[in-house]
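The structure under discussion appears below in the form of structure tokens.
The values are calculated or read from the model by the stated rules, or taken from the named source; none is laboratory data. A quick note: this is a predicted structure, and the numbers were derived from the prediction, not measured. Positions of Cβ are backbone-derived with ideal geometry, glycine not excepted, and every protein chain shown enters the neighbour counts. Heads up: the accessible areas ignore ligands, DNA and RNA and are worked out on the full protein's heavy atoms, side chains in. Shrake-Rupley method; radii C 1.70, N 1.55, O 1.52, S 1.80 Å.
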Amino acid sequence: MGVPIDGKKVAMDYRKNLKEFIKKRVDKGLEPPCIASILVGSDKGSLFYIKNQSKICSEMGVEFKSIILNENIAEEEVLKTIDNLNKDKNTHGIILQLPLPKKFNGEKIINRIYYKKDVDGLTDINSGKFYKGEKCFIPCTAQGIIELIKSTGIKICGKKAVVLGRSTIVGKPVAQLLVNEDATVTICHSKTENLEKICKEADILVSAVGKPKVVTLDMVKKGAVVIDVGFSVENGKMVGDVDYYNVLGKVSFITPVPGGVGSMTPTMLVKNTCEVLKGCI
Ligand code: NAP
């Protein structure tokens, strides 16, 4: 029987040092970390993430400024909002909630964020530095996934890892982080042939697709570590990509949805913002 990875507990443990850092700052009379979130439009998934980010920031003593712009706004206004936050000394981190409504030039808007405030690591500067192995901000979900894998105590070095999904925000960065940890990594996507066979060879399987039950019992290796990043709503319930209850009996560790990866992403966001204040980047 596999062990569910308690993402909330891993996140709470991780937050202890961060909370101490923030408390010490505030005790010295310095301002708390401040993250500005920009949402253009009313994407339901983004509204859910904002609520979660705001709750965790408030628990950790981090100021969270939520800016919601009407989707009919001109692109220039979105860029101006970012320019103002880039200049604002009291804003330490900026996140742009994705996806943006289709009419906007996402790349242009993301890259308007000053790279030293780009705490979700999405600008070209941070991406370039990341893949070159230089100090930079790394997308939060990907970092959180690695912390969850490490929390199981398994050795990543030398293991076969398979990542389902090749997005810039999850699939590609998590694959790169696994390579950095000396795993041998295969990235799969919607055009991958023999998906079952490839997944079945994985000691570590990370699924970031967003489709319920895309990972079934016959696709996992006995004793594998499975990280389910997917987030969908099925019959009014939050579910991941993995057929969780069937797979649980076969693997060594698995993240549930909810209660797995979701708690780690905002934790890494706060970690990155604290790094801005420490002048790490
Ligand atoms: P995305 O940009 O839509 O990417 C999904 C990826 O899955 C694509 O690369 C796609 O392949 C691939 N794919 C689609 N169908 C597939 C299939 N049948 N088999 C294998 N691969 C398939 O999504 P994302 O932004 O990476 O997010 C992925 C999921 O993670 C979503 O459910 C999202 O809500 C969730 N998420 C959770 C958190 C969290 O903190 N918990 C954070 C971020 C995202 P192609 O490239 O060929 O289209």
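If you check Glu196, Glu181, Glu134 for being over 20 Å from the mean Cα position of the chain (by Cα) and at pLDDT 95 or above, only one passes: Glu196.
From the set of residues in the range 168-186 that are outside any helix (DSSP H, G or I), within 22 Å of Phe137 (Cα to Cα) and not acidic (Asp, Glu), which is farthest from the ligand (Cβ to nearest atom)? Per the stated criteria, the residue is Ala183. When restricted to residues that are open to solvent by 70 Å² or more (accessible area, probe 1.4 Å) and either over 26 Å from the mean Cα position of the chain (by Cα) or hydrophobic (A, V, I, L, M, F, W, C) (or both), the range 16-30 contains 4. Among the residues of the range 165-189, the ones that are more than 21 Å from Lys221 (Cα to Cα), open to solvent by 90 Å² or more (accessible area, probe 1.4 Å) and either touching a residue at least 40 places away in the same chain (Cβ under 8 Å) or out of contact with any strand residue (DSSP E or B) (no Cβ under 6 Å at 6 or more places or on another chain) (or both) come to 1 in all. Of the residues Lys44, Lys102, the single one that is at pLDDT below 95 and within 16 Å of the ligand (Cβ to nearest atom) is Lys44. The residue that is least open to solvent (accessible area, probe 1.4 Å), counting only those in the range 253-268 that are near the ligand (Cβ under 9 Å from one of its atoms) and outside any helix (DSSP H, G or I), is Gly260.
Could you look through the range 31-61, keep only residues that are of a type in the set (S, T, N, Q) and out of contact with any Asp or Glu (no Cβ under 9 Å at 6 or more places or on another chain), and pick out the one that is surrounded by the fewest Cβ atoms within 10 Å (Cβ to Cβ)?
If we filter the range 31-61 for residues that are of a type in the set (S, T, N, Q), which is where we start, we get 37, 42, 46, 52-54, 58.
Now narrow it down to the ones that are out of contact with any Asp or Glu (no Cβ under 9 Å at 6 or more places or on another chain): 37, 46, 52-54, 58.
Details: Ser37: 22, Ser46: 19, Asn52: 15, Gln53: 22, Ser54: 17, Ser58: 11.
Going through the qualifying residues, I end up with Ser58.
The number of residues in the range 224-247 being in contact with a strand residue (DSSP E or B) (Cβ under 7 Å, 6 or more places away or on another chain), open to solvent by 40 Å² or more (accessible area, probe 1.4 Å) and among the charged types (D, E, K, R) comes to 0. Considering Leu69, Leu85, the condition of being surrounded by 12 or more Cβ atoms within 10 Å (Cβ to Cβ), touching a Gly at 6+ places or on another chain (Cβ under 9 Å) and modelled with pLDDT of 95 or more is satisfied by Leu69 alone. Tell me, please, whether a residue that is on the phi > 0 side of the Ramachandran plot and within 24 Å of the chain's Cα centre (by Cα) can be found in the range 37-49. Yes, there is a match, as at least one residue in the range 37-49 is on the phi > 0 side of the Ramachandran plot and within 24 Å of the chain's Cα centre (by Cα). All but one of (1) surrounded by fewer than 17 Cβ atoms within 10 Å (Cβ to Cβ); (2) in the same structural domain as Ile82 (by TED's automatic domain parsing) hold for Cys157; which doesn't? For Cys157, the failing item is (2).
Mind listing whichever residues of the range 237-252 are aliphatic (A, V, I, L, M) and part of a loop (DSSP other than H, G, I, E, B)? So that I can check it myself, show each step before the final result.
Taking the range 237-252 as the starting set, the residues that turn out to be aliphatic (A, V, I, L, M) are 238-239, 242, 247-248, 251.
Hits for the range 237-252 are Leu248, Val251.
Would you mind finding the one in Lys200, Lys271, Lys221, Lys250 that is within 25 Å of Leu47 (Cα to Cα), open to solvent by 10 Å² or more (accessible area, probe 1.4 Å) and more than 10 Å from the ligand (Cβ to nearest atom)? I'd like the intermediate steps shown before the answer.
Values: Lys200 fails: within 25 Å of Leu47 (Cα to Cα); Lys221 fails: within 25 Å of Leu47 (Cα to Cα); Lys250 fails: within 25 Å of Leu47 (Cα to Cα).
Among Lys200, Lys271, Lys221, Lys250, only Lys271 is within 25 Å of Leu47 (Cα to Cα), open to solvent by 10 Å² or more (accessible area, probe 1.4 Å) and more than 10 Å from the ligand (Cβ to nearest atom).
Among residues of the range 20-42 that are in the same structural domain as Lys102 (by TED's automatic domain parsing), those with a beta-carbon under 9 Å from a residue that is outside any helix (DSSP H, G or I) and among the hydroxyl-bearing types (Ser, Thr, Tyr) at least six positions away or on a different chain give the pairs Cys34/Thr91; Ile35/Thr91; Ala36/Ser66; Ala36/Thr91; Ser37/Ser66; Ile38/Ser66; Leu39/Ser66.
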